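> Structure in structure tokens, see below.
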Amino acid sequence: MRVALTGASGFIGAAIARRLKADGHVVQGMVRTTSRRDHVDDLLDHVVVGTQQHPEDQTALMADVDALVHNSVDWEVLKNESLDRHIEVNLTPSLRLFQQAADRGIPVVFISSVAVHHHMRDRWGGEVDEDHPTLPGNLYGALKASLESHLWAMHTSHQLSFTSLRPAAVYGIDPRPKRSIGYPIIRTIAQKAAYDRAGGGKFIHVDDVAACVSASLTRPHPASGSYHLADCYARWGDWASIIADLLGVKATINMDSPTSSKNSFSKQAVQKDLGVAMDRGHDGIRTHAQALIDIMKAEGDLD
């Protein structure tokens with residue numbers, strides 16, 4: 001398939017491009033003029049330099065493609081909480097891309113987020129499946145939930161085939177390693193400083209997100225639906241303990257947070273429909289942390 005991919009040069013986008021290329025797809029990626037591209041040059045068969053809010057760039061991206069993977073989002077606008085700008089660069093362009101896909105009868109894979117869930121009700125019993133209502137708590141979650149709603153509407157009106165993937169916190173080696181989850185923890189532990197951060201979260205490896213994207217492209221038409229991507233729960237103290245062990249450092253680490261989360265996401269639908277196990281667990285975090293430590297040592301960021 002020839003696949004249009006937005007946000008192709010980002011952390012998740014680059015992993016998606018790598019997996020799609022490995023699985024035999026032709027990747028037509030959109031990157032901003034300011035984006036670094038050297039890490040994806042050999043992964044993208046065709047590059048559209050532009051932004052999703054410009055109609056001419058959208059047209060170039062969607063030319064002769066068999067599927068759309070929509071991954072990009074303008075984070076700066078969300079950070080600044082500029083509602084008008086957010087609608088202009090995130091919401092409206094996404095809807096136009098989806099409409100183009102619907103008009104052409106090609107499937108969509110949308111990178112959503114577990115941020116569509118924030119207000120989780122006690123009556124749900126702690127296990128949230130893909131059919132629970134989306135109740136976001138910020139503009140980012142509201143963007144993802146709104147776009148999912150529009151995809152369902154287009155599924156009804158145009159028989160649009162779509163898959164909405166909802167990753168939890170995504171870890172893996174970022175093209176800019178300093179942005180990788182775990183980097184600041186390694187720095188703190190290496191300096192033998194106390195690590196006090198409480199709490200934790202649900203995590204998923206970026207390669208598993210990419211595997212789910214690739215698997216979604218082969219779903220029968222007009223199959224549609226949403227999937228939660230959450231491999232494991234880990235406290236920040238768990239991350240710090242793993243890193244301290246890898247570095248051979250004795251560190252004072254806050255381990256007072258609960259060992260499990262109040263709410264969890266079932267893996268059954270992902271495993272059954274997409275064939276992705278999502279079973280790395282804390283061993284996956286350990287493997288990632290070691291790889292990041294090796295990179296930091298090689299780059300002189302760690303003694």
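Readers should treat all values here as calculations from the given coordinates under stated rules, not as data from a laboratory. If you're wondering where the values come from, they're calculated on a predicted model, not measured in any experiment. Cβ sites come from the backbone with ideal geometry, for glycine too, and all protein chains shown count toward neighbours.
> Answer with one residue from 73, 14, 138: the one whose Cα lies farthest towards the positive end of the charge dipole of the chain, charges on Cβ with Lys, Arg +1 and Asp, Glu -1.
138
> While we're looking at this one, here's another question. Residue farthest toward the positive end of the dipole of the chain, with Cβ of Lys/Arg at +1 and Asp/Glu at -1: which of 156, 191, 302?
Result: 191.
> With a Förster radius of 45 Å, plug the Cβ-Cβ distance of residue 66 and residue 298 into 1/(1 + (r/R0)^6) and report the FRET value to the nearest 0.05. Could the numbers behind the result be given before it?
Details: r = 39 Å, r/R0 = 0.88.
Given R0 = 45 Å and the Cβ-Cβ separation, E is 0.70.
> Counting only complete DSSP H runs, which helices of the chain cover 20 Å or more along their long axis at the Cα atoms and score a mean Kyte-Doolittle of 1.6 or above? All intermediate terms of the calculation are to be shown ahead of the outcome.
Values: long enough: 139-158 (27 Å, -0.01); 281-298 (26 Å, -0.12).
Counting only whole DSSP H runs, no helix qualifies.
> A further question follows. What does the extension gain come out to for residue 271 and residue 119, with contour length at 0.36 nm per residue minus their alpha carbon separation? Can you show the working numbers first?
Values: separation 152, 0.36 × 152 = 54.72 nm, distance 2.60 nm.
Answer, rounded to one decimal: 52.1 nm.
> Still on this structure: Note down the net charge around residue 225, summing +1 for each Lys or Arg and -1 for each Asp or Glu among other residues with Cβ under 12 Å from its Cβ. Intermediate values should be presented prior to the final figure.
Working: positive: 166, 219, 272; negative: 129, 130, 131, 148, 273.
Neighbourhood net charge equals -2.
> Can you pull the percent of Cα pairs in the range 1-132 with separation above 24 Å? Please list the in-between numbers first.
Numbers: 2956 of 8646 pairs.
Considering the range 1-132, 34 percent of its Cα-Cα pairs are separated by more than 24 Å.
> Within the set of other residues whose C-beta is less than 14 Å from the C-beta of residue 14, count the net charge using Lys and Arg as +1 and Asp and Glu as -1. Walk me through the intermediate numbers first.
Details: positive: 18, 19, 21, 32, 36, 37, 176, 179; negative: 38, 41, 42, 174, 207.
Summing Lys and Arg as +1 and Asp and Glu as -1 gives +3.
> Sticking with this one: Consider a paramagnetic label point 7 Å from the Cα of residue 252 along Cα→Cβ; state which residues of the range 172-195 have an amide N under 20 Å from it.
185-195
> Sum up the charges of everything whose Cβ sits under 10 Å from the Cβ of residue 77, counting Lys and Arg as +1 and Asp and Glu as -1, but leave residue 77 out.
Here the count lands on -3.
> To the nearest 20 Debye, how big is the dipole of the range 148-221 about its Cα centre, given +1 on the beta carbon of each Lys and Arg and -1 on that of each Asp and Glu? Don't skip to the answer; put the middle values down first.
On the way: 9 positive and 5 negative charges, 69 e Å.
Computed about the Cα centre, the dipole is about 340 debye.
> Say R0 is 45 Å: what FRET efficiency, to the nearest 0.05, do residue 82 and residue 103 get from their beta-carbon distance?
Working: r = 30 Å, r/R0 = 0.67.
Plugging the Cβ-Cβ distance into 1/(1 + (r/R0)^6) gives 0.90.
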